[in-house]
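Only one structure is covered here, and it is reproduced in the block below.
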Amino acid sequence: MIKTISFTFFLCAALGAVSEAQPSPVAKRPIAETDVTKFMWSTDPEISADGRRVAFVKVEVNEKKDDYETSIWLGATDGRTPPRRFTAGPRDSGPRWSPDGTLLAFVRGAEKEGKRQPSQLFLIPMSGGEPRAITDLPKGASSATFSSDGKTLVFTSNSTDEDIALAKNPPKEPAREPDIKVVTQAVYRSNGGGYSDPTRKAQLWAVTLSDGSSTEPRRISNDPFGAAAPLFSKDGSTLYYRSLHVKEPYYEDSRSQIWSVPVAGGEPKRVLDFAGAIGDFDFSPDGKRLAFTAAKNTTPVRSHDQSDLFIADFADGVAGIPKNLTTAYDYDVGGGVGGDQAPPRGGSVGGIIWGPEGNSILVKCSEQGRANLKRIDARTGAVTAVTSGDQDVMQYSASADGKTLVALISTPTVLGDLHAVEAATGTTTRLSSFNDELFGGLDLTLPDDVWYTSFDGKKIHALVQRPPRFEAGKKYPLILNIHGGPHSAYGYTFFHEMQWMAAKGYVVLYPNPRGSTGYGQDFANIIQYHYPGDDAKDLLIGVDEMVKRGWADPAKLAVTGGSGGGVLTNWIVTQDQRFKAAASQRSIADWAGFWYTADFVLFQPSWFRAAPWQDPKDFAARSAITFVANVKTPLMLIEGEDDLRTPPSDGGEQMFRALKYLKIDTVMVRFPGETHELSRSGKPSHRIGRLRHIVGWFDKYIMGESKPEYDVR
């Protein structure tokens, strides 16, 4: 994980944009909030070594269970036949081809007596037959990696010897699991993951395959700091992995290490110690160079370090001094854009792909609201486009020779389809079309691309979703929708929320104010020690621009945002009175409280120069709760009750209690069991409920509709 992500709240010439949803002869209807239950997502595409087939995960909603189901599908990269279902599901993911294409490994989850069991690795022959479990570890197994000869399958698991012994010889009377937690580290829980156990670290495990049979899983690594992201050496004798051998890394700035261990087992050896946060890494075809994406530390510390592509010579099992290949490329290498329709289940593939001769490296980059594949010269760092257009390349993988890619691509009117891409020309062939029937009947529109000038001359980029059948000269109610991060960005990807709000009759403005990524290092980092602040001015000037264009009715303005967008929503209603209604989602109102309770720490001077008791004036000056007495805008607070990223106690709960005291119209909507990911991967019914409540609140105060559910009872 790169530094920017760890410090967030959550959080291209050859190819034209992916074709949009095709016109349908039947009358089209507006998109509905409930359509999310009909969406079908493709994810985790894994192309075979020969480039002829792709295995991927299809995600669907089970409305009866109010949950998502996953299964493995197969498709041909020539696009001549539609993909077919390959496994039964309902919890299959992580498909991985053997090098010769005769086997497919995947992860399967199961239930026992209505309780979910740890996921295990399965293997299925492509010649036919039923999937066969090759692991049965007490704590389960992760997605697998094949060695180059296909004889070894490596994965991670945090099962211990004690777990295995207990599973083989269970006591007659099961012992009660201790529920007392002894916390010794400042970072002790994670959003969506709950409380961590520092004594139980993931390790590398292996299964040997031979003549259709497999050995018992054996542990390869015994690293007390854990092992992640395993990568085989070219000869298959060594495994490389990420691990940071620092007990309490939050006392220093970001740091990353790559280690190695013999596949036969042995002591770990440090390969690289890097002053920054490393993302993906891979070796050149000849094994003599190591490439990786990373955000390198700077002095002084910044709140956002843009990710670059680095390369280091590799000899005698150790990496040399890394060289930054993309110092002249002022965009985010490995970055993407944000939306609400990334696949809610399954994995996410991509990373670094070396060209077959080792002369270039392919990686995804984000530029001004677009995410596309770029080819970077491994010697000069020159950047050229492989794909281009107003789109979001979400995931991708490549054949063994690097000539054929499979990419998952979304646009504002396409949820996300798989495409085969010729690496040399960028020519694409669409492979999946699961949502064509549904989307062919929906009245979807492309957003407007708008640039405007802020108070200090900075150019701000925004997307504007206007209602279908927009009438020139008519003024519409407007919703200002603010992204989180704050170091993230909206972009050209399918956004159900924006399409639905527009279908309800609102103009939706969703800008990328200063602090957003994809517009250069300086633009993103300029908000350091000034968040919220001038970014809020960027947003309000965007609203002024919509009024100036005659699109927005100045008497019917609303504002909403989640996470960092919730921070700015709270801030704006304490500073400005123009909005008739606001909905703050998963927010922070008190920075001092957040400093103490978030699932990550701010011990380094990235957002704040010091701790709350050392600089209380700065924390108070940037906290909305300090100015809550200024609020006149009716405010809804949206909270996930299991949100550990922005704990409700430091955001919505404070604003709600204060506004009730001040007798300002307010309501808090709480979603049980939901984390910070409510809008992206929460229960389908909760995702629908969230949208209904936000727009329902706006309809009450802007459209004058009766909403008795928000009356005090």
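The values are calculated or read from the model by the stated rules, or taken from the named source; none is laboratory data. As the structure is a prediction and not an experimental result, all values here were calculated from the model. Positions of Cβ are backbone-derived with ideal geometry, glycine not excepted, and every protein chain shown enters the neighbour counts.
Right, Ala342: at pLDDT 95 or above and either outside the structural domain of Gln391 (by TED's automatic domain parsing) or among the small types (Gly, Ala, Ser) (or both) or not? Here the answer is no, as Ala342 does not meet what is asked.
Per-residue answers, yes or no, for (1) outside the structural domain of Ser679 (by TED's automatic domain parsing); (2) within 24 Å of the chain's Cα centre (by Cα):
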residue	(1), (2)
Val421	yes, yes
His461	no, yes
Pro467	no, no
Gly485	no, yes
Ser488	no, yes
Lys504	no, no
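When restricted to residues that are touching a Ser or Thr at 6+ places or on another chain (Cβ under 7 Å), of a type in the set (Lys, Arg) and either under 15 Å from Ser399 (Cα atoms) or assigned to a loop (DSSP other than H, G, I, E, B) (or both), the stretch 44-98 contains 3. Could you count how many residues in the stretch 303-324 are among the acidic types (Asp, Glu) and part of a strand (DSSP E or B)? Qualifying residue count, the stretch 303-324: 2. Meeting the requirement of 3 or more residues that are under 29 Å from the mean Cα position of the chain (by Cα) and over 15 Å from Ala229 (Cβ atoms), the strands (runs of 3 or more DSSP E) wholly within the stretch 258-302 are 289-296.
Being within 30 Å of Arg289 (Cβ to Cβ) and over 25 Å from the mean Cα position of the chain (by Cα) is a description that applies to Ser233.
Being hydroxyl-bearing (Ser, Thr, Tyr), surrounded by fewer than 21 Cβ atoms within 10 Å (Cβ to Cβ), closer than 30 Å to Asp253 by Cα and not assigned by TED's automatic domain parsing to the domain that holds Pro343 is the requirement here; does Ser606 meet it?
Values: hydroxyl-bearing (Ser, Thr, Tyr): yes; surrounded by fewer than 21 Cβ atoms within 10 Å (Cβ to Cβ): no; closer than 30 Å to Asp253 by Cα: yes; not assigned by TED's automatic domain parsing to the domain that holds Pro343: yes.
Against the criterion (hydroxyl-bearing (Ser, Thr, Tyr), surrounded by fewer than 21 Cβ atoms within 10 Å (Cβ to Cβ), closer than 30 Å to Asp253 by Cα and not assigned by TED's automatic domain parsing to the domain that holds Pro343), Ser606 does not qualify.
Across the stretch 470-497, what is the total count of residues that are surrounded by fewer than 19 Cβ atoms within 10 Å (Cβ to Cβ) and either touching a strand residue (DSSP E or B) at 6+ places or on another chain (Cβ under 6 Å) or within 30 Å of Leu408 (Cα to Cα) (or both)? Selection size over the stretch 470-497: 1. Regarding Ala17, is this residue in the same structural domain as Thr427 (by TED's automatic domain parsing), at pLDDT below 95 and not basic (Lys, Arg)? For Ala17, the condition - in the same structural domain as Thr427 (by TED's automatic domain parsing), at pLDDT below 95 and not basic (Lys, Arg) - is met. Of the residues Phe274, Phe281, the single one that is buried (at least 16 other Cβ atoms within 10 Å of the Cβ) and closer than 25 Å to Asp401 by Cα is Phe281. Scanning the stretch 203-236 for residues that are out of contact with any Lys or Arg (no Cβ under 9 Å at 6 or more places or on another chain), of a type in the set (Gly, Ala, Ser) and surrounded by 13 or more Cβ atoms within 10 Å (Cβ to Cβ) yields Ser221, Ser233. Filtering the stretch 483-505 to residues that are over 20 Å from Gly564 (Cβ atoms) and either in contact with a His (Cβ under 7 Å, 6 or more places away or on another chain) or among the polar types (S, T, N, Q) (or both) leaves only Gln499.
Can you find, within the stretch 580-593, the residue that is surrounded by the fewest Cβ atoms within 10 Å (Cβ to Cβ) among those that are touching a Gly at 6+ places or on another chain (Cβ under 8 Å) and on the phi < 0 side of the Ramachandran plot? Step through it out loud before you land on a result.
Kept after step one, since they are touching a Gly at 6+ places or on another chain (Cβ under 8 Å), are these residues of the stretch 580-593: 584-590.
With on the phi < 0 side of the Ramachandran plot added as a condition, the list becomes 584-585, 587-590.
Numbers: Ser584: 33, Gln585: 28, Ser587: 31, Ile588: 30, Ala589: 29, Asp590: 23.
It comes out as Asp590.
Among the residues of the stretch 143-152, not a single one is in contact with an Asp or Glu (Cβ under 8 Å, 6 or more places away or on another chain), modelled with pLDDT of 90 or more and not assigned by TED's automatic domain parsing to the domain that holds Pro217.
Among the residues that make up the stretch 572-579, is at least one of them in contact with a strand residue (DSSP E or B) (Cβ under 8 Å, 6 or more places away or on another chain), part of a loop (DSSP other than H, G, I, E, B) and surrounded by fewer than 23 Cβ atoms within 10 Å (Cβ to Cβ)? Looking for residues that are in contact with a strand residue (DSSP E or B) (Cβ under 8 Å, 6 or more places away or on another chain), part of a loop (DSSP other than H, G, I, E, B) and surrounded by fewer than 23 Cβ atoms within 10 Å (Cβ to Cβ), one finds at least one in the stretch 572-579, hence yes. Scan the stretch 122-180 for residues that are in a loop (DSSP other than H, G, I, E, B), among the basic types (Lys, Arg) and exposed (fewer than 14 other Cβ atoms within 10 Å of the Cβ) and jot them down. Passing the criteria: Lys172, Arg176.
Restricting the stretch 692-709 to residues that are outside any helix (DSSP H, G or I) and out of contact with any helix residue (DSSP H, G or I) (no Cβ under 9 Å at 6 or more places or on another chain), the residue that is surrounded by the most Cβ atoms within 10 Å (Cβ to Cβ) is Met703.
On inspection, Gly338 does not qualify as within 20 Å of Glu60 (Cα to Cα) and buried (at least 22 other Cβ atoms within 10 Å of the Cβ). Of Gly101, Gly109, all but one fail to be surrounded by 14 or more Cβ atoms within 10 Å (Cβ to Cβ), in a strand (DSSP E or B) and not aliphatic (A, V, I, L, M); the exception is Gly109. Just checking, does the stretch 182-197 include any residue being of a type in the set (S, T, N, Q), buried (at least 17 other Cβ atoms within 10 Å of the Cβ) and not assigned by TED's automatic domain parsing to the domain that holds Ile220? Yes, the stretch 182-197 contains a residue that is of a type in the set (S, T, N, Q), buried (at least 17 other Cβ atoms within 10 Å of the Cβ) and not assigned by TED's automatic domain parsing to the domain that holds Ile220.
Restricting the stretch 547-568 to residues that are crowded, with 24+ Cβ neighbours inside 10 Å and more than 22 Å from the chain's Cα centre (by Cα), which is farthest from Ile527 (Cα to Cα)?
Ala552
Yes/no matrix, rows are residues, columns are (1) among the hydrophobic types (A, V, I, L, M, F, W, C); (2) crowded, with 21+ Cβ neighbours inside 10 Å:
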site: Ala624; (1), (2): yes, yes
site: Met636; (1), (2): yes, yes
site: Glu639; (1), (2): no, yes
site: Ala658; (1), (2): yes, no
site: Ser685; (1), (2): no, no
site: Arg690; (1), (2): no, yes
site: Asp711; (1), (2): no, no
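Picking from residues in the stretch 283-329 that are in contact with a Phe, Trp or Tyr (Cβ under 6 Å, 6 or more places away or on another chain) and small (Gly, Ala, Ser), the one that is nearest to Tyr519 (Cα to Cα) is Ser303.
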